[in-house]
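Working notes for the structure below.
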Amino acid sequence: MNSKNLRILVPLLSLLSALAVSSLIIALAGRDPLMIFQKMLHATLGTSYGFGQVIFRMTTLVLVGLAVAIPFQVRLFNIGAEGQLLMGAFAAAMTGAMLPATLPSLLAISLCTLSAMTAGACWALLAGVLKVRFGVNEVIATIMLNFIAQGITGYLLTWHFAIPSTVHTAKITDNSIIPTFDSATGWLTNSPANLSSLVTVGVALLLWILIFRSRFGYEMRAAGLQPEAARYGGINAKMHTLTSMGIGGAMAGLGAANIVLGYKHYYESGMTGGTGFTGIAVALLAGAHPLWLLLSAFFFGCLEYGGLTVNAWIPKDIFMIIEALTILLVISFSALGKRLQ
Amino acid sequence: MGIAVRLSGVSKTFGSFAANSNISLSIEEGTIHALVGENGAGKSTLTKIIYGMHQPTSGEVVIQGKAVRFASPRDAIEAGIGMVHQHFMLVPELSVAENIILGHEHTWLFGSLPLKYAKALILKNSEAYGLAVNPDALVASLSIGEQQRVEILKLLFRKASIMIFDEPTAVLTPSETERLFATLRSLRDKGKTVILITHKLDEVLAVADTVSVMRKGEIVGTVPASSVTKPELARMMVGRSVLLRVINPPASPGETILNINRLRFCTPQSEERLRGLTLHIRAGEIYGIAGVEGNGQNELLQTLWGLAPEGSVISGEATLKGQSIIGKKPAKIALMGVSHTPENRLRHAVILEYTIAENLLFGRHREAAFHKGIGFNSRTIQRFTAEMISDFDIRCTSPERQPLRALSGGNQQKVVLARELNRPGISLLILAQPARGVDIGAIETIHKKIIDARNNGMAILLVSSELEEIIALSTRIGCLYKGSIRHEFSQEEVALKREAEHEFEKEIGLHIT
């Protein structure tokens, strides 16, 4: 079989097998899988509110997926999208709350977004610097940085910035809020889907051009595929380690802006809910390709929101199992696919 | 004497590609049977069938009179077949004896190892076959030649009677090669069957009893080694007459391009690898460095391409047209007009996953001529690629889509040379092992291009472990020994001595060991 067919077939097979395993688990939990899937399908794609929810979740997933995928082009495994997301979210909320209320909307949103991206990028760059300077494995570094990010945001929230008797910070100024599709155009009624989804598609496209069409991407992929040859070719592999981590972290920060500026309007404890880890699965399913990522994030978006809607029939815990198993199956199949190639 | 291995009508196909088609071959017991052919001719597929790593698509394999169908090398080992791979299968952290009994411990999981018995057997075998090696030494501490001896001892320990050697001399020095050949002969004299896979014709003629030549997956002939000559074998392999030695017209060198003066190189482990190396290369000449690997070649190349490991101490001079090279980065050195084809092509010169066109650009992607916007100018690149492919006779189907991995070693090397020889404005070309792992047919093209480059006034530094190549190409030859040039042959000497190649090889040999 040629490698092109494999590239399509492997993700498809992994999804189908995940579906089969999920059906089995749902049946074991005493429900009719067909009924559950039908309900999920209706709740996600059947209503404009549900579709908006999917779009909103997909947007964050595309961005955390990019956070994993871009460093992956240099063969770096960024497990730290969760921590970068947390830091970005906190930075966005703090900036949004502190800006003068009179600042024009475009400027306020840009400033908040920029601070979220900077926070995410810096957090990821820490792992990059440790790698380049001391040879610390980036997997370990990013995992540890996740814990540290959790600690920092948790501490700052609880001890300094939380509004008394709540677990969230003050609301951001009205001008820092990214308008939802509903408020801007009336589409996707009441859903949290906001204009950052459009920006996200543009960003994915830009990154695709950067990686596969630019000289920068040519060097970057070479440094990932064959680092020693890159050295001989006069390519600065360390620089690419740093920039790819930086871009990845910035993407996670952008994902945080979607949640904070577009939906929650403040930082709340536990608001990311492990989305950063789902980003790993999103990136793997898409083969770390910025455009396929859109599709794979859409799938995981459906799964995530669909799972919530069938809560009345299937306990949340069971759905957690299903989601994690899907991720595991995806990873296993992509490893298998690689071996077959 | 019986027939050790008989293949009748053996074919092996991978998808639509026939790696071996309808091969019939008898290998007599107690002989050295060489299997020669260019890369991709099907030698390794055939040996993998005999060794049980591949199963034939059709046909029959008979080992010592019994029809067999091996499911894995394990079965082949049971049947008395052993293989010395090109890349050794040894555990560096274990001792020689431990490596040899690995997988054949014949003991209970927690029982003690039969090391005493193994050591006795190892000593007996090493004496009988000239395989001196200390059974208690750690494999990591052994030289390449010694490691190969351990591999052979491993086969003897397993009582293999049919031994397959895959390109065994590729990693050996001339004297180690001689020694290996003596071992092969004594193995044969004791009744073992040796199957030797190689593409070096001199070796075949020196050691083999029978030669089978493969081309495009078929056996084109099996002849006694004593009845053929080198040009005849080459013609059988390639399918046309090949020029084995490139025509090397007299050079007329110009001004000095590279000047190396009392160069010293200390590794971060403070081992002194270059000790006052002095040489100069003029425009329009090829300076060949002859020497056994590990005498400072790597360090010299690292210095000249700005890749010395961090912590190395370099002193002395290395200047290109008066400008110092030492301490500069590869991209900067390339800009000064230096081009480099590294010894380890796969690891250092190409990106296997990239297409042929992308590889023709690798390292030259900073040249403005190829640029357009933030990306590349596909039309310029297309034109450049087509030009290089026809100029260097690179055999491929679609350069814009085919990954480099799909090409044979020879064609990969042509891609590297095409790229490096055509860098705009270069004055110095550094070639390390330009013909390593390359077919005879391709060597012919490559050597011609190197001479052409010299005639166009380029200064060329040639580092090669093949004396034949050094003698055929060089204008002057420097013999590198323990980090300095121990002897230099002048242009007149080289031109004169080239006529009596074997004598010359021996003379150089004296200066490098």
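Laboratory data are not the source of any read-out in this text; all were calculated from the coordinates shown. This is a predicted model, so every value here is computed, not measured. Here the Cβ positions follow ideal geometry from the backbone for every residue, glycine too, while neighbour counts run over all protein chains shown.
When we measure straight from the Cα of B:Lys497, which lysines land under 20 angstrom away, once same-chain ones fewer than 8 places off are left out?
Those lysines meeting the cut-off are B:Lys506.
Nearest 5 percent is fine: what portion of the DSSP beta bridges confined to the range B:3-238 is antiparallel?
Roughly 55 percent of the beta bridges in the range B:3-238 run antiparallel, per DSSP.
So what J values fall out for the range B:137-151 if you push phi through Karplus, 6.51 cos²θ - 1.76 cosθ + 1.60 with θ = phi - 60°, rounded to Hz, Gly and Pro as x?
Computed from phi, the couplings for the range B:137-151 are 6, 6, 4, 4, 8, 8, 6, 4, x, 5, 4, 5, 4, 4, 4 Hz.
What is the local net charge at B:His348, summed over the other residues whose Cβ is closer than 10 Å to its Cβ (Lys, Arg +1; Asp, Glu -1)? Intermediate values should be presented prior to the final figure.
Values: positive: A:Arg231, B:Arg345, B:Arg347; negative: A:Glu228, B:Glu343.
With Lys, Arg at +1 and Asp, Glu at -1, the net is +1.
Which log10 I(q)/I(0) values does chain B give at q = 0.05, 0.07 Å⁻¹ under the Debye formula, counting every alpha carbon as one identical point scatterer?
Each listed q maps to, in turn, -0.22, -0.44.
Relative contact order (percent) for chain B, with alpha-carbon contacts under 8 angstrom and 6 or more residues of separation? Walk me through the numbers on the way to the answer.
Values: 998 pairs, mean separation 75.7, N = 513.
Relative contact order comes out at 15 percent.
Any number yet on Rg/Rh for the protein assembly as shown, C-alpha, Kirkwood?
Working: Rg = 32.6 Å, Rh = 31.3 Å.
Dividing the radius of gyration by the Kirkwood radius yields 1.04.
If amide hydrogens are placed 1.01 Å from N in the peptide plane, which non-local residues have theirs closer than 5 Å to the one on B:Ile195?
Residues meeting the criterion, in which the H sits 1.01 Å from N, are B:His33, B:Met163, B:Ile164, B:Phe165.
Over the alpha-carbon set of the range B:315-380, work out the extent along each principal axis and list the three values in angstrom, largest first.
That works out to 44, 28, 15 Å along the principal axes.
For the range A:149-181 and the range B:176-217, what is the centre-to-centre distance using only Cα atoms, to the nearest Å?
If we compute the Cα centre of each part, the gap is 77 Å.
For the residue pair A:Met35 and A:Leu291, what label-to-label distance in nm results when each label sits 7 Å from Cα along the Cα-to-beta-carbon direction?
Going by the 7 Å Cα→Cβ label model, 4.3 nm.
Which value, to two decimals, describes the C-alpha radius of gyration of the range B:125-165 once divided by 2.2 N^0.38 Å?
Working: Rg = 10.2 Å, N = 41, 2.2 N^0.38 = 9.0 Å.
After normalising by residue count via 2.2 N^0.38 Å, the value is 1.13.
What do you get for the angle between helix B:378-391 and the principal long axis of chain B? Use alpha-carbon atoms, 0 to 90 degrees, nearest ten.
For B:378-391 against chain B, the angle is about 60 degrees.
Across peptide A:229-241, what mean number of C-beta atoms from other chains lies inside 10 Å of a residue's C-beta?
Working: counts 14, 5, 6, 14, 14, 14, 6, 2, 0, 0, 0, 0, 0.
Rounded to a whole number, the mean comes out at 6.
How much net charge surrounds B:Arg275 when only the other residues with a Cβ under 13 Å from the Cβ of B:Arg275 are counted, with Lys and Arg +1 and Asp and Glu -1?
So the environment of B:Arg275 carries a net charge of +2.
Run the paramagnetic zone check for B:Leu102: 7 angstrom along Cα to Cβ, then residues of the range B:23-49 with backbone nitrogen under 19 Å.
No residues fall inside that zone.
What residue among A:Met320, A:Met251, A:Met87 has the largest mean-square fluctuation in a Gaussian network model of chain A, using Cα springs under 10 Å?
Evaluated over chain A, the most mobile residue of the options is A:Met320.
Have a look at A:Pro227, A:Asn78, A:Leu156 and report the one farthest towards the positive end of the charge dipole of the range A:59-310, computed about the Cα centre with Cβ charges (Lys/Arg +1, Asp/Glu -1).
A:Pro227
Work out how much length B:Glu499 to B:Asp452 would gain on full extension: take 0.36 nm times their residue separation and subtract the Cα-Cα distance, in nm to one decimal.
Values: separation 47, 0.36 × 47 = 16.92 nm, distance 2.11 nm.
Between B:Glu499 and B:Asp452, full extension yields an extra 14.8 nm.
Testing the spin-label approximation: label points 7 Å from Cα along Cα→Cβ at A:Ile148 and B:Lys159. State their distance in nm.
Those two pseudo-labels are separated by 6.2 nm.
Scan chain A and note any complete DSSP helix (H) whose C-alpha atoms cover at least 27 Å along its axis and whose Kyte-Doolittle average is 1.6 or more.
Details: long enough: A:3-28 (37 Å, 1.69); A:48-72 (35 Å, 1.47); A:105-134 (43 Å, 1.54); A:237-259 (34 Å, 0.72); A:316-340 (36 Å, 1.39).
Sorted by number, the helices that extend far enough and score high enough are A:3-28.
Evaluate the distance, in nm, between pseudo-label points positioned 7 Å from the Cα of B:Ser390 and of A:Ser183 along their respective Cα→Cβ axes.
Reported label-point gap for B:Ser390 and A:Ser183 is 6.4 nm.
What is the sum of charges around A:Val74, taking Lys and Arg as +1, Asp and Glu as -1, for the other residues whose C-beta is under 12 Å from the C-beta of A:Val74?
Working: positive: A:Arg75, A:Lys131, A:Arg221, A:Lys238; negative: A:Glu138, A:Glu219.
Summing Lys and Arg as +1 and Asp and Glu as -1 gives +2.
So how compact is the range A:247-341: Cα radius of gyration and Dmax in angstrom?
Rg then Dmax for the range A:247-341, in Å: 14.9, 47.
Could you derive backbone 3J(HN,Hα) for the range A:169-186 from the dihedral phi with the Karplus parameters 6.51, -1.76 and 1.60 (θ = phi - 60°), listing whole Hz in sequence and x where the residue is Gly or Pro?
Each residue's phi maps through the Karplus curve to give 7, 5, 5, 6, 5, 4, 6, 8, 7, 7, x, 7, 4, 4, 5, 7, 10, x Hz.
Between A:Asn190 and A:Asn5, what FRET efficiency follows from the Cβ-Cβ distance if R0 is 51 Å, with the result rounded to 0.05?
Numbers: r = 42 Å, r/R0 = 0.83.
Efficiency at R0 = 51 Å is approximately 0.75.
As an exercise, use a Förster radius of 22 Å and the Cβ-Cβ distance of B:Ser58 and B:Val220 to find the FRET efficiency, rounded to the nearest 0.05.
Efficiency computed from Cβ-Cβ geometry: 0.65.
How large is the charge dipole for the range A:167-271, taken about the Cα centre, if only the Cβ atoms of Lys, Arg (+1) and Asp, Glu (-1) carry charge, to the nearest 20 debye? Provide the component values of the computation, followed by the final result.
Details: 7 positive and 5 negative charges, 73 e Å.
It comes to approximately 360 debye.
Using a 10 Å cut-off around each Cβ, can you sort B:Val91, B:Val133 from fewest to most neighbouring Cβ atoms? Don't skip to the end; give the middle numbers.
Values: B:Val91 12, B:Val133 23.
By the 10 Å Cβ count, ascending, the order reads B:Val91, B:Val133.
Nearest-5 percent of antiparallel DSSP beta bridges in the protein assembly as shown? It would help to have the intermediate numbers written out before the result.
Details: 50 of 87 bridges.
Antiparallel: roughly 55 percent of the beta bridges in the protein assembly as shown.
Take the Cα atoms of chain A, find their three principal axes, and give me the spread along each one in whole Å, biggest first.
The Cα atoms of chain A stretch 57, 53, 37 Å along the principal axes, largest first.
In straight Cα distance, which lysines are under 28 Å from A:Lys238, not counting same-chain residues fewer than 8 positions off?
The qualifying lysines are A:Lys131, A:Lys338, B:Lys328, B:Lys329, B:Lys332, B:Lys372.
Which whole-percent values make up P(r) of the range B:168-223 when all C-alpha to C-alpha distances are grouped in 10 Å steps starting at zero?
So the P(r) values, bin by bin, are 21, 51, 25, 3.
Can you list the residues, at least 5 places off or on another chain, whose amide H is less than 5 Å from the amide H of B:Ile23, using H built in the peptide plane?
Excluding prolines and chain starts, which carry no amide H, the hits are B:Gly9, B:Val10, B:Ser11.
State the volume of the convex hull built on the alpha-carbon positions of the range B:1-103, expressed per residue in Å³ and rounded to an integer. Each step should come with its number before you reach the end.
Values: hull volume 13.3 nm³, N = 103.
Per-residue hull volume (Cα only) is 129 Å³.
If contacts are Cα pairs under 8 angstrom and at least 6 residues apart, what is the relative contact order of chain A in percent?
Details: 578 pairs, mean separation 121.8, N = 341.
Worked out over chain A, it gives 36 percent.
Taking the Cα centre of the range B:3-238 as the origin, how large is its charge dipole in debye, to the nearest 20, when only Lys and Arg (+1) and Asp and Glu (-1) carry charge on their Cβ atoms?
On the way: 24 positive and 23 negative charges, 89 e Å.
So the dipole magnitude of the range B:3-238 works out to roughly 420 debye.
Between B:Ile326 and B:Asn134, what is the FRET efficiency for a Förster distance of 30 Å, r being their Cβ-Cβ separation, to the nearest 0.05? Present the calculation step by step, with values, prior to reporting the outcome.
Values: r = 41 Å, r/R0 = 1.36.
The formula returns an efficiency of 0.15 here.
To the nearest whole percent, what portion of all C-alpha pairs in the range B:3-238 is separated by more than 22 angstrom? If you can, show how the numbers build up before the last one.
Working: 14637 of 27730 pairs.
Cα-Cα pairs of the range B:3-238 separated by over 22 Å account for 53 percent.
Got a sec? Which residues in the range B:416-449 would a label at B:Arg486 touch, if it sits 7 Å along Cα→Cβ and we count backbone N under 16 Å?
It comes to no residues whatsoever.
If neighbour count is taken as other Cβ atoms inside 10 Å, put A:Trp292, B:Trp305, A:Trp208 in order from fewest to most. Let's see the in-between values first.
Details: A:Trp292 21, B:Trp305 24, A:Trp208 17.
The fewest-first ordering by Cβ neighbours comes to A:Trp208, A:Trp292, B:Trp305.
With point charges of +1 on the Cβ of Lys and Arg and -1 on the Cβ of Asp and Glu, referenced to the Cα centre of chain A, which listed residue (A:Pro104, A:Ile259, A:Ala67) lies farthest in the positive direction of the dipole?
About the Cα centre, the residue reaching furthest to the positive side is A:Ala67.
Which value, in debye to the nearest 20, describes the size of the charge dipole of chain B about its Cα centre when Lys and Arg Cβ atoms bear +1, Asp and Glu Cβ atoms bear -1, and nothing else is charged? Intermediate values should be presented prior to the final figure.
Values: 58 positive and 54 negative charges, 204 e Å.
Result for chain B is approximately 980 debye, rounded to the nearest 20.
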